[in-house]
């Protein structure tokens with residue numbers, strides 16, 4: 001089913017974002033003083049109304065239409081492998097440079113203290 005992530009559609013993510021923002025706004029407004037503190041109730045009820053509107057009036061049908069055969073063609077096949085080989089070469093080059101830098105660090109001798 002196209003347009004889904006982890007088996008759910010975008011509506012679930014919209015509702016989750018709505019409630020996360022509502023929770024954040026309620027926490028921020030609960031720290032306010034005076035009449036602004038009571039606006040938490042209005043924010044909560046506004047989130048409930050928007051949630052109910054999104055649940056009861058969906059834009060897409062609940063059941064998808066008849067499935068047609070879709071032929072998927074990868075038109076960027078060669079470009080993808082050129083990009084992969086380029087990134088692999090850069091990774092191996094950086095790994096070699098780090099290894100050379102790590103192995104060839106100079107070790108300085110400690111000065112000898114002569115007690116006289």
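Annotation note: of 114, 107, 90, 50, the sole residue that is at pLDDT 85 or above and more than 29 Å from residue 9 (Cβ to Cβ) is 90.
When 27, 12 are checked against the criterion of being over 19 Å from the mean Cα position of the chain (by Cα) and either assigned to a helix (DSSP H, G or I) or without any contact (Cβ under 8 Å) to a residue 60 or more places away in the chain (or both), 27 stands alone in meeting it.
Applying a threshold of 7 Å to beta carbon distances and a minimum spacing of six or more residues, or different chains, the list of pairs starting in the stretch 55-68 at a residue that is farther than 13 Å from residue 11 by Cα and ending at one that is exposed (fewer than 10 other Cβ atoms within 10 Å of the Cβ) and at pLDDT below 75 reads 64/1.
Here residue 58 clears all of (1) surrounded by 10 or more Cβ atoms within 10 Å (Cβ to Cβ); (2) in a helix (DSSP H, G or I) except the condition numbered (2).
The values are calculated or read from the model by the stated rules, or taken from the named source; none is laboratory data. Only a predicted model underlies this, so the values are computations on that prediction, with no experimental measurement involved. Ideal geometry is used to build each Cβ from the backbone, glycine not excepted, and the neighbour counts take in all protein chains shown.
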